[in-house]
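Trainee: Could you have a look at this structure, given as structure tokens, before my questions?
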Amino acid sequence: MTYEMPVTGTDIWYYFICKREAWLMMRKIAPDNEDENMEIGRFIHEYTKKRGKKEVDVGHIKVDRLKKIKDEYVVQEIKKSAKFRESARYQLLYYLDTLRQMGIKAKGELTYSEEKKREEVVLTENAKKKLDETIDSIRKLAKQTTPPSPKKIKFCRQCAYKEYCWAEG
């Protein structure tokens, strides 16, 4: 039996945004905690916790909300905006697939709080195939001894890891 590195929803989230950032996160290399976006994220997390909206642990995953409507489970993932839509979709698909493996049939719902929009997410055969390919790619990335080279993308300005990529030496 071969050991397969566990992949998390967070790994999937960062992989779709920036593979270098995903590599740094998997190595537990701390981002700049003084970064404004990190502070906003902590504030939103604490604010929702105070309103009684706690994350739900199911096995080894942590979902924002799990509710049952009639006979169907709905996994809700709450994001500030749709800016990272693909990351959010595949993170939620990962949760749906993990629940499926546990014998729990569920559908997903992405909620974008700033935009007051919701999007249904369903684990289709095509989505499952791309998810499996992504998980394999994340495992290969994790085995690399050095991070991927930095690439300027539109998200760099707001990244808490920007000093790791663009600091002048």
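Trainee: Do the alpha carbons of any pairs in Lys68/Lys129; Lys80/Lys117; Lys67/Lys130; Lys67/Lys117; Lys62/Lys105; Lys62/Lys83 sit beyond 20 Å of each other, and which pairs? Walk me through the numbers on the way to the answer.
Mentor: Values: Lys68/Lys129 27 Å; Lys80/Lys117 10 Å; Lys67/Lys130 26 Å; Lys67/Lys117 18 Å; Lys62/Lys105 17 Å; Lys62/Lys83 22 Å.
Flagged as over cut-off: Lys68/Lys129; Lys67/Lys130; Lys62/Lys83.
Trainee: Shape call for the stretch 61-169 from the C-alpha gyration tensor, a ≥ b ≥ c root eigenvalues: rounded (a/c under 1.5), prolate (a/b greater than b/c) or oblate?
Mentor: Details: a/c = 2.82, a/b = 1.58, b/c = 1.78.
Taking the square roots of the gyration eigenvalues as a ≥ b ≥ c, the stretch 61-169 is oblate.
Trainee: Give me a comma-separated list of calculated 3J(HN,Hα) values for the stretch 9-21, in order, Karplus coefficients 6.51, -1.76, 1.60 applied at θ = phi - 60°, integers in Hz, x for any Gly or Pro.
Mentor: Values per residue, Gly and Pro as x: x, 5, 4, 5, 3, 6, 4, 6, 8, 7, 5, 5, 4 Hz.
Trainee: Enumerate the calculated ³J(HN,Hα) couplings along the stretch 90-100 in order (Karplus 6.51 cos²θ - 1.76 cosθ + 1.60, θ = phi - 60°), each rounded to whole Hz, writing x wherever the residue is Gly or Pro.
Mentor: Values, residue by residue: 6, 4, 5, 4, 4, 5, 4, 5, 4, 5, 4 Hz.
Trainee: For Val121, what residues show an amide H to amide H distance below 5 Å, using hydrogens built from the backbone and excluding near sequence neighbours?
Mentor: Hits under the 5 Å cutoff: Gly108, Glu109, Leu110.
Trainee: Sticking with this structure for a sec: What lysines sit close enough to Lys143 to cross-link, taking a C-alpha to C-alpha distance under 17 Å and skipping anything fewer than 8 places away on the same chain?
Mentor: Lys19, Lys28
Trainee: Ranked highest first by average number of other Cβ atoms within 10 Å, how do 15-21, 77-83 line up? Write down the numbers at each step before the final one.
Mentor: Numbers: 15-21: 20.3, 77-83: 16.9.
The densest-packed peptide leads the list: 15-21, 77-83.
Trainee: Shifting gears a bit: Using a Förster distance of 25 Å, how high is the FRET efficiency between Lys130 and Arg65, based on the Cβ-Cβ distance and rounded to 0.05? Display every interim value, and only then the final one.
Mentor: Details: r = 25 Å, r/R0 = 0.98.
Here the calculated transfer efficiency is 0.55.
Trainee: Turning to a different aspect of this structure: Determine ³J(HN,Hα), in whole Hz, for all residues of the stretch 82-88 in sequence, where each value follows from phi through the Karplus function 6.51 cos²θ - 1.76 cosθ + 1.60 and θ = phi - 60°; x replaces Gly and Pro.
Mentor: Calculated HN-Hα couplings, in order: 8, 4, 10, 4, 5, 4, 5 Hz.
Readers should treat all values here as calculations from the given coordinates under stated rules, not as data from a laboratory. This is a predicted model, so every value here is computed, not measured. Note that each Cβ is placed from the backbone with ideal geometry, even for glycine, and that neighbours are counted across all protein chains shown.
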